[in-house]
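To keep things clear, I will list the structure first and then write my remarks on it.
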Amino acid sequence: MNFELNETHAMIRETARQFAEEKLAPSADERDEKELFPHVQIKELGELGFMGMVVPEQYGGAGLDTLSYAIAIEEISRADASCGVIMSVNNSLVCYGLNKFGNEEQKQKYLLPLAQGKKLGAFALSEPEAGSDATNQHTTAVKEDDYYILNGIKNWITNGINADYFLVVAQTDASKGSKGISAFILEKGMPGFSHGKKERKLGIRSSDTVSLTFENVKVPAANRLGDEGFGFKFAMMTLEGGRIGIAAQALGIAQACLDASLKYAKERKAFGRPIADLQAIQFKLADMSTEIEAARLLLYNAAALKDADKPFGKEAAMAKLFASKVAVKAALEAIQIHGGYGYVREYNVERYLRDAKITEIYEGTSEIQRIVISRSLLK
Ligand code: CAA
């Protein structure tokens, strides 16, 4: 085992849990119902240092480790998985990408306010015809003097309406395949840059998801992130860390399912006694708890490997694959334990199921995680 939880981790868990219980849980259902973006809550998370957790302090971040970040996302998602994904995209895709691959000027201009939580970021890789098949980019970036001219469409962009800055992947040389793809930093409001209507989703309904359209968007060459042709590797390397964030989100949802089930099983009576006395319920709780603990260990292991600067892509994929499966199963079991009450809005567990499902899809489907894992085993 590669990790050990210390006092800082305990303090982060306590802070995140308190915030989640006081500031997120009471209003999460209403935001879900009305599809309201958590503006106030995200601002407060920024003030807590949770929007740039692993970014060094000199660039506006909290200078914490990935394990702290995983713990925080888990606790936030336990109350509100929509906040979990907004936070995860800003931290592990946008801030990480800028911190790892940005130059000093880009870090000062973009990373600093993002890590401080004063601005929000989005990550734009997927397209209508490039989801799992991420090399099949149709968005083009053509160099003209000191600018690139971007044209194309991106799909399924989390934070797409509310973000200020966007990391966008586009093709700069179609003849070079994945080596002809580059990454750029775009700002909201650049002429020709617009978003589509908000997607109506099954779950994580208070986070916004939209398509983005680029019509002759003039992006300064100084906004290219890394070398020309580095965009695909940038996206793949960044997504490895993103998968830690989504595994943590899934874990938080699964834990919420167990918490709700334990409480309900002790309160609800059937056949003259609490249903917690029935072995049929006890075995469900035991399985849920065991699987959640296994997911947590996989997640913390991947986070610790990343903190130790060791390869962690396979382990992050395993953590996401397993934690997302555990979350969906835990949500189904939680509904079963709650019976009819689980199927209606009153007890939250139907929201947990709707929120859990996406963790098997975004930032690489479960099938993509299996590709990443098996390639690593067979290479
Ligand atoms: N690190 C560094 N380089 C990597 C890499 C990694 N993790 N993975 C691939 N590469 C490199 C390869 O080495 C290769 O380079 P060389 O030619 O120099 O060897 C190049 O990238 C191309 O790689 P592959 O040949 O493996 O490419 P592929 O077409 O077979 O695709 C894939 C690989 C794993 C299927 C990849 O396309 C993939 O991960 N797809 C899923 C995309 C994804 O996760 N999308 C999520 C969208 S983001 C999102 O959901 C955010 C949100 O808003 C919530």
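The values are calculated or read from the model by the stated rules, or taken from the named source; none is laboratory data. It should be emphasised that the depicted structure is a prediction, and the values quoted were computed from it without experimental measurement. Here Cβ is always computed from backbone atoms with ideal geometry, including for glycine, and neighbour counts include all displayed protein chains.
Within region 288-311, residues that are without any contact (Cβ under 8 Å) to a residue 60 or more places away in the chain reach partners that are buried (at least 21 other Cβ atoms within 10 Å of the Cβ) and among the polar types (S, T, N, Q) with beta carbons closer than 7 Å, at six or more positions or on different chains, in the pairs Met288/Ser261; Ile292/Gln255. Residues in region 128-179 that are assigned to a strand (DSSP E or B) and under 19 Å from Cys95 (Cβ atoms): Ile157, Thr158, Tyr165, Phe166, Leu167, Val168, Val169.
The residue pairs whose first member lies in region 1-21 and is under 16 Å from Thr66 (Cα atoms), whose second member is assigned to a helix (DSSP H, G or I) and hydroxyl-bearing (Ser, Thr, Tyr), and whose beta carbons are closer than 7 Å, counting only pairs six or more residues apart or on different chains, are Phe3/Tyr300; Thr8/Ser68; His9/Ser68; Ile12/Ser68. Of the residues making up region 155-188, just one is surrounded by fewer than 17 Cβ atoms within 10 Å (Cβ to Cβ), under 18 Å from Met236 (Cβ atoms) and among the polar types (S, T, N, Q), namely Ser178. Could you check, for region 26-39, whether at least one of its residues is surrounded by 14 or more Cβ atoms within 10 Å (Cβ to Cβ) and without any contact (Cβ under 8 Å) to a residue 24 or more places away in the chain? Yes: one or more hits.
Checked against (1) assigned to a helix (DSSP H, G or I); (2) surrounded by 24 or more Cβ atoms within 10 Å (Cβ to Cβ), Gly46 passes all but a single condition, namely (2).
The set of residues in region 180-189 being within 17 Å of Lys143 (Cα to Cα) and outside any helix (DSSP H, G or I) consists of Ile181, Ser182, Ala183, Phe184, Ile185, Leu186.
When Phe19 is tested against the conditions (1) over 15 Å from Ala79 (Cβ atoms); (2) surrounded by 14 or more Cβ atoms within 10 Å (Cβ to Cβ), the lone failure is (1). Taking the criterion of being surrounded by 19 or more Cβ atoms within 10 Å (Cβ to Cβ), more than 16 Å from the ligand (Cβ to nearest atom) and among the aliphatic types (A, V, I, L, M), the residues of region 189-237 that qualify are Val217, Val219. A count restricted to region 121-147 and to residues that are buried (at least 17 other Cβ atoms within 10 Å of the Cβ) and either among the β-branched types (Val, Ile, Thr) or under 28 Å from Ser366 (Cβ atoms) (or both) stands at 12.
Checked against the criterion of being modelled with pLDDT of 95 or more, more than 23 Å from Ser207 (Cβ to Cβ) and within 16 Å of the ligand (Cβ to nearest atom), the candidates Lys306, Lys320, Lys357 yield just one match: Lys306. I'd like the full set of residues that are part of a helix (DSSP H, G or I) and surrounded by fewer than 16 Cβ atoms within 10 Å (Cβ to Cβ), limited to region 1-14. Result: Glu7, Thr8, Ala10, Met11, Glu14.
Counting only residues that are away from the ligand (no atom under 16 Å from the Cβ) and either of a type in the set (A, V, I, L, M) or in a helix (DSSP H, G or I) (or both), region 238-275 holds 17 of them. For Gly102, the stated conditions do not hold, so it cannot be described as buried (at least 19 other Cβ atoms within 10 Å of the Cβ), at positive phi, more than 13 Å from the ligand (Cβ to nearest atom) and not aromatic (Phe, Trp, Tyr).
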